[in-house]
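Undergrad: Dumping the structure here so I can ask a few things about it.
Please treat every number below as a calculation from the coordinates, not as lab data. These numbers were taken from a predicted model, which means no experiment stands behind them. No Cβ is skipped: glycine too gets one built from the backbone with ideal geometry, and neighbour counts run over all protein chains shown.
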Amino acid sequence: MNARAKIAEAPPSISTATDRVAGYDWDALAADLSGYGCAVLENLLTPQECRDIAELYPHEEHFRSHIHMARHGFGKGEYRYFRYPLPDLLGDLRTVLYPRLAPIANDWNARMSIAARYPETHAEFLKACHDAGQTRPTPLLLQYVPGDFNCLHQDLYGDLAFPLQVAILLSEPGKDFTGGEFVLTEQRPRMQSRAEVVPLRQGDAVAFAVHNRPVQGGSYRVNLRHGVSRVRSGKRHTVGIIFHDAK
Ligand SMILES: O=C(O)CCC(=O)C(=O)O
Ligand SMILES: [Fe+2]
């Protein structure tokens, strides 16, 4: 993928969320999403931005709730949902990533014969969520220590669900932590499941399907789940950008 080279022309530290998102080859990303259910946006954040976001974790004023995964059977580790207003960079990324992903989501729904279509802007989609009673922000910051893992799951929080989401790795594998790979599985109808381990470096984002995607032009759909393998050492932080809000 040539996104790393492209983004290097305009270092993320000096470019807005709009500029850096525009710097990716979206045809290639759409082809990866439709072919594999995931695509990597290399170097979406700088190491300093990653550290700045990860360091928000202990500051409760940024968050609306705190989840201990083990208490819910979700795995082991913890996360916090941001409260509104989101930190600027995350809010901006949510706003500018959405219109890149909405055409892919609409194409998928057409191929799967699902009637729902997603509006052009995130503001319009959020209004639909809020009108449907899904008003609570879903972007989240996750923290893992040795032994922690995130069970395979789908981030669905109500009837309205945008079919793609993004997670950004904030820590550097091999340096800040080991283990802790981002994993996706695809359950194929009447067939064995397929797994994909997504190689990410600090600042890389993975865009992936929340629950379904069409295969072979839409002749069947697969059911996806994502999770994180066990962290072997160190500390791992990620930030998740989910486009629908929660009930
Ligand atoms: O920590 C990760 O890489 C996965 C986070 C996650 O489940 C999410 O962003 O929805
Ligand atoms: Fe998730």
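Undergrad: If one puts a single equal scatterer on every Cα of segment 58-185 and applies the Debye formula without solvent, what log₁₀ I(q)/I(0) results at q = 0.14 Å⁻¹?
TA: With one equal scatterer per Cα and no solvent, log10 I(q)/I(0) is -0.77.
Undergrad: For the chain, with only Lys/Arg (+1) and Asp/Glu (-1) charged at the beta-carbon, what is the dipole magnitude about the Cα centre, in debye rounded to 20?
TA: Using only the charged Cβ atoms, the result is roughly 880 debye.
Undergrad: So how much slack lies between Glu124 and Arg64, counting 0.36 nm per residue of separation and subtracting their Cα-Cα distance, in nm?
TA: Value of the extension gain: 19.3 nm.
Undergrad: State the volume of the convex hull built on the alpha-carbon positions of the chain, expressed per residue in Å³ and rounded to an integer.
TA: 124
Undergrad: What is the chain's relative contact order, in percent, from Cα pairs under 8 angstrom and six or more apart in sequence?
TA: This gives 26 percent for the chain.
Undergrad: For Leu224, what charge total do you get from the other residues with a beta carbon under 9 Å from its beta carbon, if Lys and Arg give +1 and Asp and Glu give -1?
TA: +1
Undergrad: Just add up the charged neighbours of Arg111: K/R +1, D/E -1, any other residue whose Cβ is under 10 Å from the Cβ of Arg111.
TA: +1
Undergrad: Near the amide H of Val222, under 5 Å away, which other amide H atoms are found, from residues 5 or more places off or on another chain, if H is placed in the peptide plane?
TA: Arg213, Val215
Undergrad: In nm, what is the difference between 0.36 nm times the number of residues separating Thr135 and Val197 and their Cα-Cα distance?
TA: That works out to 19.1 nm of additional length.
Undergrad: Could you give each residue of segment 212-222 its phi-based ³J(HN,Hα) in whole Hz, using Karplus coefficients 6.51, -1.76, 1.60 with θ = phi - 60°, and x for Gly or Pro?
TA: 9, 8, x, 10, 6, x, x, 5, 8, 10, 10
Undergrad: Would any residue of segment 203-247 have its amide N under 19 Å from a label point 7 Å out along Cα→Cβ of Ser113? List them or say none.
TA: Residues 212-223 qualify, since their backbone N sits under 19 Å from the label point.
Undergrad: How much mean residue ellipticity at 222 nm does the chain get from its helices, if each DSSP H run of length 4 or more adds -39500 (n - 2.57) and you divide by all residues, to the nearest 500 deg cm²/dmol?
TA: -8000 deg cm²/dmol
Undergrad: Using a cut-off of 15 Å between beta-carbons, work out the net charge of the residues near Thr178 (Lys and Arg +1, Asp and Glu -1, Thr178 not included).
TA: Once all neighbours under 15 Å are counted, the net charge is +2.
Undergrad: Nearest 0.05, what FRET efficiency do Arg232 and Gln154 give at R0 = 35 Å with Cβ-Cβ as r?
TA: Efficiency, rounded to the nearest 0.05: 0.85.
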